[in-house]
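Coordinate-derived values only; no laboratory data. It should be emphasised that the depicted structure is a prediction, and the values quoted were computed from it without experimental measurement. Note that we place each Cβ from the backbone using ideal geometry, even for glycine, and neighbour counts take in every protein chain shown.
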Amino acid sequence: MTDCIFCKIASGEIPTKKIYEDQKFLAFLDVNPRAVGHCLIIPKKHAATLTDLPKEDAGPIFQIVQHLAKIITERLGAKGYNIGSNNGESAGQAVPHLHLHIIPRYDTDKHKAGFEAAFQVNEDAKKDIDKTLSTITRGKIIPPVKTTSSSPAANPSSSAKEQDETEDKKGEPKWCFNDEDDIGDDTIEH
Ligand code: AMP
Ligand code: ZN
């Protein structure tokens, strides 16, 4: 999308403090960190929300979140982390390009209650953002990680029996809605 700030970051048009990149995804430090190491993981191709992301990318983006959470917490000495994603304006999504937040947490953290950490910019973390970048990347961005598709059909670790039970005749996972599925009858009006 031409007017999307995260598309511009993905294309390199806007500079960012990049920590991870592969063919499809990018991770960079949040400009207004809620904690030291607060970063965002995005698909390079524009998708407004998680439900707009092609379903084969849903598993991989979470595998990258898992991979980065481990590296970031180890390298920064964090004791935990919050994972979050606002989807849609009414959910508080300020940038309408899907992003998953990793917010590392520390024993010294002033915001003790879980997601409360997401509401307040940490000015010290903001001041030290370049130091955080070099502590995480150690001078070069984290190399691409191999991910597996979210579809059990493409996951070699699924047993043949599991595949039989979870796929329809076309090899589509049964638990996925297809575009033509009628889900209207169960829709609850708000
Ligand atoms: P959300 O409210 O979940 O949409 O969060 C958007 C996040 O993007 C906020 O935490 C912002 O601080 C962050 N953000 C906005 N512009 C940039 C940028 N150019 N580089 C890095 N982070 C940004
Ligand atoms: Zn975009």
- Protection proxy (average C-beta count within 10 Å per residue), highest first, orders 86-93, 22-29, 126-133 as 22-29, 126-133, 86-93
- Item | Burial order of peptide ranges 62-73, 134-145 (average beta-carbon count within 10 Å, highest first) | 62-73, 134-145
- Task: First measure r as the distance between the Cβ atoms of residue 107 and residue 145, then evaluate 1/(1 + (r/R0)^6) with R0 = 30 Å and state the FRET efficiency to the nearest 0.05.
- Result: 0.60
- Relative contact order [Cα under 8 Å, 6+ residues apart], the range 5-137, whole percent: 32 percent
- Task: Enter the Cα centre distance for the pair the range 1-17 and the range 117-136, rounded to the nearest angstrom.
- Result: 21 Å
- Message: Assuming 0.36 nm per residue, please report the length gained on full extension of the stretch residue 119 to residue 55 beyond their Cα-Cα distance.
- Response: 20.1 nm
- Between their Cα atoms, which of 110/140; 70/140; 79/112 are more than 24 Å away from each other? 110/140
